[in-house]
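Heads up: the structure comes next, in structure tokens.
The values are calculated or read from the model by the stated rules, or taken from the named source; none is laboratory data. Everything numeric here is computed off the predicted structure, so don't read it as measured data. Counting neighbours? That spans all protein chains shown, and the Cβs are built from the backbone with ideal geometry, glycine included. These accessible areas exclude ligands, DNA and RNA; they are computed on the full protein's heavy atoms, side chains included. Shrake-Rupley method; radii C 1.70, N 1.55, O 1.52, S 1.80 Å.
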Amino acid sequence: QVHVVESGGGSVQPGGSLRLSCLASGSTDSIRAMGWYRQAPGKPRELVASITTDGDINYEDSVKGRFTIFRDNAKNTVYFQMNSLKPEDTAVYYCNTLTKITGRWLPLGDWGQGTQVTVSS
């Protein structure tokens, strides 16, 4: 079982930056991929970025070119660098381990508490 704790959220103005962190603990040797999700008010939770242990990375179209996912295996931490933030990026951001089923990444572990990102002028 892998447990995750997200941190790094906050309130920024449009165009600003934030770096989120996701610290994993427990059976971290079993992790094959991790992802960042976000959930805006009234909307379903969506996967916006994923990274595998082989280094394969994918982004949802709305964050491509602005957000970067990367990992520090020694620290069991996955980061999410978010630049050029827009009001529509406002959401609670979660990380989770992933498993691929019929070509789709799906969340595998328990959800953490998430971290709030608010982009507003």
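Structure notes:
- Expressed in units of 2.2 N^0.38 Å, where N is the residue count, the Cα radius of gyration of segment 38-121 is 1.10.
- For the chain, a simple Cβ point-charge model (Lys and Arg +1, Asp and Glu -1, everything else neutral) yields a dipole of about 120 debye relative to the Cα centre.
- For the pair Ser25 and Lys86 in one chain, pulling the backbone fully straight at 0.36 nm per residue adds 18.8 nm over the alpha carbon distance.
- Using a simple spin-label model with pseudo-atoms 7 Å out from Cα toward Cβ, Thr53 and Gln116 lie 3.6 nm apart.
- Backbone N within segment 9-28 under 17 Å of label point (7 Å from Thr99 Cα along the Cβ vector): 27-28
- Rounded accessible area per residue of the chain, 1.4 Å, Å²: 53
- Kirkwood-type hydrodynamic radius, segment 1-87: 13.7 Å, calculated from all non-identical alpha-carbon pairs.
- Approximate spin-label separation Arg32-Asp72, in nm, with each point projected 7 Å along Cα-to-Cβ: 2.7
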